[in-house]
1. With each label point set 7 Å from Cα along the Cα-Cβ vector, what nm distance links Ala16 and Ser354?
2. What percentages, rounded to whole numbers, describe P(r) for region 131-213 computed over all alpha carbon pairs with 10 Å bin width beginning at zero?
3. Need one number: convex hull volume per residue for the chain, Cα atoms only, in Å³.
4. What does the C-alpha gyration tensor say about the overall shape of region 137-177? Classify as rounded when a/c is under 1.5, otherwise prolate if a/b is larger than b/c, or oblate.
5. Applying 1/(1 + (r/R0)^6) with R0 = 56 Å to the Cβ-Cβ distance of Ala313 and Ala64, what FRET efficiency is obtained, to the nearest 0.05?
6. Efficiency by 1/(1 + (r/R0)^6): what FRET value for Thr162 and Arg26, r their Cβ-Cβ distance, R0 = 35 Å, to the nearest 0.05?
7. Given a Förster distance of 35 angstrom, what is the FRET efficiency for Leu287 paired with Leu335, based on the Cβ-Cβ distance and rounded to 0.05?
8. Can you tell which of Ala238, Ala201, Ala16 shows the greatest fluctuation in a Gaussian network model of the chain with Cα springs below 10 Å?
Amino acid sequence: MAKRDYYEVLGVERGASEADLKKSYRRLAMKFHPDRNPGDKEAEDSFKEANEAYEVLSDASKRAAYDQYGHAGVDQSAGGGQGFGGANFSDIFGDVFSDFFGGGGRGGGRGGAQRGSDLRYTLELNLEEAVRGTTVSIRVPTLVNCTPCDGSGSKKGSTPSTCPTCGGIGQVRMQQGFFSVQQTCPRCHGQGKIITDPCPACHGEGRVEEYKTLSVKVPPGVDTGDRIRLSGEGEAGAHGGPTGDLYVVISVREHAIFQRDGKHLYCEVPISYTEAALGGELEVPTLDGRVKLRIPEGTQTGKQFRLRGKGVAPVRGGGAGDLLCRVAVETPVNLSRRQRELLEELRDSLEGDSSHSPKASGWFEGVKRFFGDL
Ligand SMILES: [Zn+2]
Ligand SMILES: [Zn+2]
């Protein structure tokens, strides 16, 4: 049977880069891999063909020989075109298929000890607690080692017996096509032992669900999304594996007065029309109590006053932020006759002099220009 051109096999141009070759080979290998096409002779042949082509073209000297002499140039050196058992095949295999078989290699293979899961607990705090820090008790459901069997899963006094399927190795070899694949034993899930007499308290699981109460120390300055790790307070590991961690995730509730943005706090302070015009001293709230704030005369609505250091000291260090108070001028309502008269008098005295209302005069100028340009 005449061999197909290697470039054609991989579906790439003659000048294809190494990366393109690899990409193309990877795609074909995934498609035709015997594990995905059990018993399909055609797929197996395509897989072999792609392997052979890649083995030659990924080797610079073999590729040069192939480019010059065709199949004749590489058949001797490639060992009759078998393509298998070549020195670098395992490299290619490991590289391309690492995500195929990656799962089996972790956790040390046999033994089956698994780290317990990490747990997540959302802890709601109010702003004061988040800023000052606090200690709270939380109750979390978790899996703990079963006491009667001491986590083994076997009834007290009995011991697990060697798995008959894998003979205690925890791995079995499966022949698939021409491929021999090592797999975790399906009977004992890689532990090499099976529980013949399960513990009645945990039904052989070795772990039971339990609520536990933990004391969580929240440092000052935390914010929504910050996590506190309680090492070893997650779920117990399976078959003697290490315990997972518990992550306490902070969620800070909205505050009636303050909004927080990182280390700065913001609040809105209503001031009267007359205070804004005449100036004066305001009492504004901070997290440490009330402080006095001087308002200069002629303060406009929306003006922001900064109280340095009255914000939040961030949990990761650095100085405290500021408190930014934004004043909102309030229009007086429910006026008495007398108050109305006073305001009317005020209006008349202000009228005609734009220097009393810098914003409005600027605005009217703008409007005039706008219509003039039309
Ligand atoms: Zn087994
Ligand atoms: Zn038990």
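We did not get these values from a lab; they are worked out from the coordinates using the rules stated. This is a predicted model, so every value here is computed, not measured. Here the Cβ is made from the backbone with ideal geometry for all residues, glycine too, and neighbour counts use every protein chain on show.
1. 7.6 nm
2. 18, 28, 24, 15, 10, 5, 1
3. 327 Å³
4. Because a/c hits 1.5 or more and a/b fails to exceed b/c, region 137-177 counts as oblate.
5. With a Förster radius of 56 Å, E is 0.25.
6. Computed FRET efficiency for Thr162 and Arg26 comes out at 0.30.
7. Using R0 = 35 Å, I get an efficiency of 0.45.
8. In this elastic network of the chain, the residue with the biggest mean-square fluctuation among Ala238, Ala201, Ala16 is Ala16.
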